[in-house]
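Readers should treat all values here as calculations from the given coordinates under stated rules, not as data from a laboratory. For clarity, every value in this text was computed on a predicted model and none was experimentally measured. Here the Cβ is made from the backbone with ideal geometry for all residues, glycine too, and neighbour counts use every protein chain on show.
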Amino acid sequence: MSQTIGSTTGSTTGSAVRRARPPRRAGDRAGTRPGPYPGWFYLPAAIVYGALFLIPTLLSFYFALTRWTIFDSEFIGLENFAQFFSEPALTRGFVNTFVYAVITSGAKVVLGLGLGLLLTSRILGRGYLRAVIFFPVLVSSVGVGITFQVLMNPTKGAINAALGVLGIDGPGWLVDPALALFSVALVDVWKGVGLATLIYMAGIVSIPKEYHEAARVDGAGSWRLFRDVVFPLSWPATSTVITLSLIGGLRSFDLIWAMTRGGPGFTSDVIASVIYKQYQAGFYGLSTAGNVILFLAVTAIVLPLTRFLARKEVEL
Amino acid sequence: MITTRAKSRALGAATVAVLGLLPACSAGSLGSSDDGGGGGTTITWLTGAEQDDQLQAQAVVDAFEQAHPGITVEIEGRPGGGEGDNLVKTRLQTGTMADVFNYNSGSLFQQIAPANNLTPIDASTVETVDDSYLPQVSVGEDVYGVPYGNAFGGGVMYNREVFERVGVEVPTTWAELVAAAERIKAAGIAPVVQTYQDTWTAQLLVLADFHNVAAANPSFAQDYTAGKAKFATDRAARAGFEHLQEIHDKQLVNADFASTRVEDGMRALAAGEGAMYPMLSLNVSTLQVVAPDAVEDVGFFALPGQDAAANGLTAWYPDGVYIPKSTTGEELEAAQQLAAFIASPPGCEAIATVVTPTGPYLAEGCELPSDVPQITRDVSAYFDADAQSPALEFLSPVKGPALEQILVEVGSGIRTATDGAALYDQDVQKQAQQLGLEGW
């Protein structure tokens, strides 16, 4: 990146500077591994990345300190942050976000690993089952949300009707304040487990056959085989699934919005839906501040986590 | 993330504004070329993009063009809600607004800087507009809009047949309403219908109670805008929150309140499974769709408060039709004619052909058709008796966005009324600060 910028500014400045440059750049190249492409190859990507991500992100750090509308902005210091942290829905939103992220990513790891094992073993209709498990991933979150909203209706929904046949009085999945968040998490797992399964399948299949054979020769049963061979050697898959689903869970919004809109009341609000509601209400500065907070929170969780998972991978 | 979205939205608004400009330009040039041939003027009218909005505008335009053969009106659409607000403001600021547009009256009207952006309506037209409406579309002496459609009320829809069967009268105090509800409950009918899947419906007991708040404390709206009066500390204002908690605590609501929608509520009300449904009279249209045979069984009364003598309706006023400053010359003349037409009996009649009136028209000479639903007649009776006053949103620009969720929590027993009112006061503060009001 810095090299790219250096070379472009270099070409626009005086020739004396340019003449002075090459030796230093050559030195740089000698120090680091030379890339296969010249620096300006990165330029289009850098422009797109800068214009669509870097500049807006940096600007948002400033606008988080203002009360702004489309036409003007007023600098108010850290007031937005003070306001955001006094937002009663926010505390709940934070707790809910963590609960939601941990539940969904935990369930995806467990179920994904189980299904991955099942679908890599020799079973009847394996190709069909693989397709069925993966299918929900392809459907739009909003579509899934609306469908389940209908299915989970406490009096007219198919789920409670089915439970009724078994003589069970089904709960108000999405309207019981104690249950709403978990119901959405359940649907999230249903929708996302296909991807986790796919990642695990790839991980399990890539384990060399020799390990299995060696373990079998040593007299390992299925459980030992799983515990000491399959699980540790598919660790890259586990870490990918955890990272992806945890990030997904932390910034989850679409499914929750489609199913409950954070309701009933504020009981299933997550950080992203709290922020969205501020934006919807026209509190642009406040919602920008919320996004800065979300950005920092996700970074603070995910960065150490990926480091940790990567180190674990190396140790293996 | 939101920043990018806001940007793309602003961009979108700009794009729409530019696109909006194109027809305006071509219309202008068309108009002038037509002039050479002794033809007419073309003006544009920006209204909602929803089908109902378009149909209503089309009906008015058809009748207008017949009465004024020299003028052609082209209808444009815009989104509703906050997005529509942004679009209207952007187009006004950039001078690219259509020649005529309709938009909210009352406090939202005040937010589009009428004195800077709008042209006053001709005095001869203003004379035909009902006095009760003028404060909603005026700044100082200048009147900027004419009423588009009819007024409506917030209160309680009730099943008249159930009331008769159980033997209860229309209540004029809250205590009477609760007593009636207990008797209806004893008869095995859900006394009050609530539908929290459509969260906005949870607000009725608070918003439609404002006539009673204003009766108890006439300066509430003013003090509230200035940040001096609060819902949590004003007894009359807090009453709405308390009523909502009361009907939940006494189990006077339908069992499936948390999972039902307006349509379900209307169906239950029409079928006599529920007796009273706090609602806007505007929603008579929903009733007509879900239970066309039972429309006459359902009546309407104002939400009662403490004092039977002060009983009256909390009223909502129709949108206004406005003319921006960017409309000039022949287009301005044609726009003024359109405004005059909308505030005249033929205009009202044209609207009535596609939209069932939900309350009285606020233009001189406009009579309700004889076949309006019972609800509309009941609402009009309050206007005729002058027992009505504007809802808070017409008197103050301050309305917190989280009121619906807070009231769903109060009405579901998740939060107490006192707590809910205090939380709403916090919510309101953000709105007041964003608007840059004094005293917050």
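Note on residue B:185: lysines with a C-alpha under 17 Å away, same-chain residues under 8 apart excluded, are B:250. Electrostatic tally near residue B:131: other residues with Cβ closer than 11 Å to its Cβ, Lys and Arg +1, Asp and Glu -1, net -4. When peptides B:270-279, A:159-168, A:267-276 are ranked by their average number of other Cβ atoms within 10 Å per residue, the highest-first order is A:267-276, B:270-279, A:159-168.
Model label points for residue B:349 and residue A:53, set 7 angstrom from Cα along the Cα-to-Cβ axis, are 6.5 nm apart.
Inter-chain neighbour count for A:143-154: the average number of beta-carbon atoms from partner chains within 10 Å of each residue's beta-carbon is 1. Fewest neighbouring Cβ atoms within 10 Å first, the residues B:185, A:209 line up as A:209, B:185. Backbone phi angles across the range A:195-201, fed through the Karplus curve with coefficients 6.51, -1.76 and 1.60 (θ = phi - 60°), yield HN-Hα couplings of 5, 4, 4, 4, 4, 5, 4 Hz in residue order; Gly and Pro are listed as x.
Averaged over the residues of B:192-202, the number of partner chain Cβ atoms lying within 10 Å of the residue Cβ comes to 2. Between the range A:63-107 and the range A:255-272, how far is it from one alpha carbon centroid to the other, in angstrom? With the range A:63-107 and the range A:255-272 each reduced to a Cα centre, they are spaced 15 Å. A straight chain from residue A:151 to residue A:296 at 0.36 nm per residue would run longer than the Cα-Cα distance by 48.5 nm. Scanning residues 5 or more positions from residue B:118 or on other chains, those with amide H under 5 Å from its amide H are B:325, with H placed 1.01 Å from N in the peptide plane. Using the average count of surrounding beta-carbon atoms within 10 Å as a protection proxy, the listed peptides B:360-373, A:102-115 rank, highest first, as A:102-115, B:360-373. When each of B:45, B:200 is scored by the number of other beta-carbon atoms lying within 10 Å, the sequence from fewest to most is B:200, B:45. Electrostatic bookkeeping for residue B:411 treats Lys and Arg as +1 and Asp and Glu as -1; over the other residues with beta carbon under 12 Å from its beta carbon, the sum is -4. Where both residues lie in the protein assembly as shown, what percent of DSSP beta bridges are antiparallel, nearest 5? Around 65 percent of the beta bridges assigned by DSSP in the protein assembly as shown are antiparallel ones.
Bridges between two residues of chain B, per DSSP, are antiparallel at a rate of about 60%. For residue B:430, a cut-off of 16 angstrom between C-alpha atoms picks up these lysines, skipping any fewer than 8 places away in its own chain: A:277, B:228, B:230, B:399.
Averaged over the residues of peptide A:278-286, the number of Cβ atoms from other protein chains lying within 10 Å of each residue's Cβ is 5.
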